[in-house]
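*Asks:* Got a structure here, written out as structure tokens. Questions coming.
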Amino acid sequence: MTSKNRIQNGEIIASVDGSLYSSQTVFKCTYWFGDKFHVNVQQESGDYVITLRPMPNANISEGELPYYLQKLERDLVDFHLRDIVNNETGSIRELLVAKAFSNGEYDEAPPGEISDPVGFAPLV
Amino acid sequence: MPIRFHRLNDQKEVLVNEVGDHLVVPSGTFARLVQKELDKEGEADLYGDLVAGHFIAESPIPTLIDVLATRYRTKKSFLDNFTTLHLFVVSLRCEHTCHYCQVSRVTQDKGKFDMSRAHIDKGIDIMMQSPSPHVTMEFQGGEALLAFDNIVYAVDRTKELALLHNKTVTYVICTNLAVINEEMLNYCKENNILISSSLDGPASVHNENRKRPGKNSYELAIRGIELSRKILGKSRVSALMTTTNLSLEHPIEIVEEYYRQGFWNIFLRPISPYGFAVKNEAKNKYEMDKFLSFYKKALNRILEYNLQGEFFREDYATIILRKILTPFPVGYVDLNSPTGAVTNVVVFNYDGAVFASDESRMLAEMKDFTFQLGHLDTDSYEDLMYGEKARKIVAAGTNESLPGCSDCAYQLYCGADPIHHHATQGDMIGYRPTSTFCQRNMEIIRYLIELMDSDKKIKSIFESWVKPQF
Ligand code: SF4
């Protein structure tokens with residue numbers, strides 16, 4: 001992924017391997033750059049090409065762009081990992097929430113008790 | 001198991017499971033965990049912590065899923081009783097002219113700016129329809145005590161109806177204390193009414209924030225706090241501060257003032273977004289940076305008192321810490337998901353208009369009626385609480401499904417605030433990268449976890465804050 005990434009004409013350009021990364025990962029990640037950059041995502045022969053152009057009022061100097069490129073690369077990996085967890089465990093999350101609010105539709109009342117090892121009583 | 005993670009700093013990251021337990025681990029742990037690179041034997045401690053805390057499971061559907069479901073339901077059980085807090089704006093009149101207050105009127109015109117008895121009656125009737133066996137009736141202004149006759153009328157009527165409807169009621173008067181007297185306080189004592197007063201800091205800050213003829217708001221507040229404590233008892237009198245730009249320059253002095261006045265807690269409330277310029281995102285971010293720096297300086301001073309053996313608590317941190325450290329629900333309007341507006345609080349304005357929160361009525365004073373749920377003259381309980389507006393607000397106030405929040409590790413510790421986002425970004429859903437709500441909560445939550453991780457003494461102090469005090 002990193003080899004094609006560069007800073008060019010005051011813009012950050014990053015190429016993301018479409019066979020490894022989902023569009024969901026790309027958009028969830030670039031969402032957080034929208035406060036400082038105009039974000040553009042395009043598909044080119046199966047890869048995603050991300051362009052970040054600093055907004056005029058964001059006060060980002062040319063010298064700071066390598067930091068943001070590094071942050072983009074790191075965040076892409078972070079969101080990719082989150083994507084994996086979501087894919088592998090999404091059904092457990094759904095089951096858990098469904099059971100929590102099912103009022104016994106999925107089983108009898110959930111038998112668990114709230115453990116309170118530190119001794120906190122319920123707070124109103 | 002479904003888990004989320006967030007980077008705390010360069011060395012550490014935090015993992016949070018689906019029921020809000022957290023574990024601070026070295027950076028890179030989440031990546032190794034996802035890539036299944038953890039060494040069960042070689043890293044037995046970490047592996048044990050992850051299994052015990054339900055961050056990972058050794059079987060595909062963990063046997064403990066029922067326990068987790070119960071815990072999840074408990075975390076959200078603040079919803080069970082629906083709206084409990086009912087604010088009655090008994091008068092819009094005030095003798096102060098605080099520059100940050102958009103609503104109050106300096107006037108003798110009771111007829112125009114005091115709540116009518118008919119509207120008080122209807123508000124009480126709506127409150128009695130709340131599914132909750134316990135409700136809170138809070139009197140607000142203007143200066144609520146200028147309409148003390150309204151308060152007496154409302155309390156007396158509510159007492160009768162509460163017996164009929166089998167409800168317990170907590171009464172609170174929010175007041176700047178300037179006009180409080182023994183007669184009023186004796187009535188409060190007879191009726192178990194709590195006093196929520198205002199104290200912005202030392203005289204130099206308080207009097208500058210709270211203008212009134214005589215420039216003696218501070219002196220009257222201190223006199224009122226002392227008199228209220230004498231008649232009602234110390235625990236029945238609390239104080240709230242309003243943070244202004246001037247306050248931001250005096251974090252230490254404000255904390256020390258609260259300590260000097262014998263309070264064992266202080267609520268470092270964020271600056272109201274209505275002081276923020278709508279859609280001026282760069283300026284808002286800068287203002288929030290200033291607030292965060294104020295907050296940390298003040299919190300560190302509070303921790304110094306605690307490290308010297310005093311009990312002195314910061315309330316915003318305590319709300320978040322209860323969510324982080326205990327399995328129990330925390331119903332605080334601004335940090336709930338679904339949002340506490342409507343589901344936790346409703347406001348009956350002096351003119352009979354009904355709003356989703358106190359901030360909503362401030363917006364209405366600026367001619368923005370987005371969060372007006374209806375009117376006491378025309379709408380039923382169902383219209384107000386389950387109407388189209390209420391549903392729209394709650395849908396936009398559920399962070400599990402908001403962009404940015406849906407993957408955030410702090411989702412369970414944070415909340416959603418459609419009113420703040422509407423006011424500052426012109427959109428109830430909001431845009432997290434420029435949201436000052438997100439900026440504030442993300443940093444405060446991160447900071448609290450980092451503090452606990454860095455110093456076991458601070459962790460013990462925080463644990464003492466979340467234990468019930470009475
Ligand atoms: S507002 Fe920010 S900190 Fe709070 S849950 Fe959403 S993304 Fe996380």
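*Asks:* I'd like to know how chain B sits against the 2.2 N^0.38 Å rule of thumb: what's its Cα Rg over that expected value?
*Replies:* Working: Rg = 23.1 Å, N = 470, 2.2 N^0.38 = 22.8 Å.
Against the compact-globule rule of thumb, the ratio is 1.01.
*Asks:* For the protein assembly as shown, what % of the accessible area comes from carbon and sulfur atoms, probe 1.4 Å?
*Replies:* It is 51 percent, rounded to a whole number.
*Asks:* Evaluate the distance, in nm, between pseudo-label points positioned 7 Å from the Cα of B:GLU41 and of B:GLU256 along their respective Cα→Cβ axes.
*Replies:* For B:GLU41 paired with B:GLU256, the spin-label model returns 6.0 nm.
*Asks:* Can you give me the relative contact order of region B:1-111 as a percent, contacts being Cα pairs under 8 Å and 6 or more apart?
*Replies:* So the answer I get is 17 percent.
*Asks:* Sticking with this structure for a sec: Under 5 Å between amide hydrogens, which residues at least 5 positions from B:HIS54 or on another chain qualify, with H placed 1.01 Å from N in the peptide plane?
*Replies:* Distant-sequence amide H within range of B:HIS54: zero hits.
*Asks:* Follow-up question, since we're still on this one. Filter B:LYS75/B:LYS290; B:LYS392/B:LYS459; A:LYS71/B:LYS290; B:LYS290/B:LYS456; B:LYS12/B:LYS297 down to the pairs with a C-alpha to C-alpha distance above 30 Å, please. Before the final figure, lay out each step's value.
*Replies:* Numbers: B:LYS75/B:LYS290 32 Å; B:LYS392/B:LYS459 39 Å; A:LYS71/B:LYS290 24 Å; B:LYS290/B:LYS456 28 Å; B:LYS12/B:LYS297 23 Å.
Beyond 30 Å: B:LYS75/B:LYS290; B:LYS392/B:LYS459.
*Asks:* Sticking with this structure for a sec: Treat the protein assembly as shown as a sphere of radius equal to its Kirkwood radius over Cα pairs and apply Stokes-Einstein at 20 °C in a medium of 1.002 mPa s; give the translational diffusion coefficient in µm²/s, rounded to a whole number.
*Replies:* 82
*Asks:* Let me ask you something else. Applying the Karplus parametrisation 6.51 cos²θ - 1.76 cosθ + 1.60 with θ = phi - 60° to the phi angles of region B:214-223, what ³J(HN,Hα) value in whole Hz is obtained for each residue in order, glycine and proline being reported as x?
*Replies:* x, 6, 10, 4, 4, 4, 5, 5, 5, 4
*Asks:* Still on this structure, I have one more. Of A:GLN8, A:GLN42, A:PRO54, whose Cα points farthest to the positive end of the dipole of region A:1-56 (charges on the beta-carbon: +1 Lys, Arg; -1 Asp, Glu; origin at the Cα centre)?
*Replies:* The listed residue farthest towards the positive side: A:PRO54.
*Asks:* Further, regarding this structure: Long-range amide H contacts for B:ARG313: which residues qualify at under 5 Å (H placed 1.01 Å from N, peptide plane, sequence gap of 5 or more or a different chain)?
*Replies:* B:ASN265, B:ILE266
*Asks:* Based on the Cα atoms of region B:174-281, what semi-axes does the equivalent ellipsoid have, where each is the square root of 5 times one gyration tensor eigenvalue, given in whole Å with the largest first?
*Replies:* After scaling each eigenvalue by five and taking roots: 26, 14, 14 Å.
*Asks:* Could you point to the residue in B:ILE231, B:VAL330, B:ASN300 farthest towards the positive end of region B:207-342's charge dipole, with +1 and -1 charges on the Cβ of Lys/Arg and Asp/Glu respectively?
*Replies:* About the Cα centre, the residue reaching furthest to the positive side is B:ILE231.
*Asks:* Where both partners of a DSSP beta bridge lie in the protein assembly as shown, what percent of those bridges are antiparallel, to the nearest 5? Show your work: numbers first, answer last.
*Replies:* On the way: 32 of 59 bridges.
Antiparallel: roughly 55 percent of the beta bridges in the protein assembly as shown.
*Asks:* Using bins 5 angstrom wide from zero, how does P(r) for region A:6-100 break down, in % of all Cα pairs?
*Replies:* Taking every Cα pair in region A:6-100, the percentages come to 3, 13, 22, 21, 15, 10, 7, 5, 4, 2, 0.
*Asks:* With n ≥ 4 as the cut-off for DSSP H runs, can you work out [θ] at 222 nm for the protein assembly as shown, using -39500 (n - 2.57) per run divided by the number of residues, rounded to the nearest 500?
*Replies:* -13000 deg cm²/dmol
*Asks:* Binned at 5 Å from 0, what are the whole-percent values of the Cα-Cα distance distribution for region B:337-402, short to long?
*Replies:* 4, 19, 30, 26, 14, 5, 2, 0
The values are calculated or read from the model by the stated rules, or taken from the named source; none is laboratory data. Worth saying up front: this structure is predicted, and the values here are computed from it rather than measured. Cβ coordinates were reconstructed from backbone atoms using ideal geometry, including for glycine residues, and neighbour counts include every protein chain displayed. Heavy atoms of the whole protein, side chains included, go into the accessibility calculation; ligands, DNA and RNA do not. Shrake-Rupley method; radii C 1.70, N 1.55, O 1.52, S 1.80 Å.
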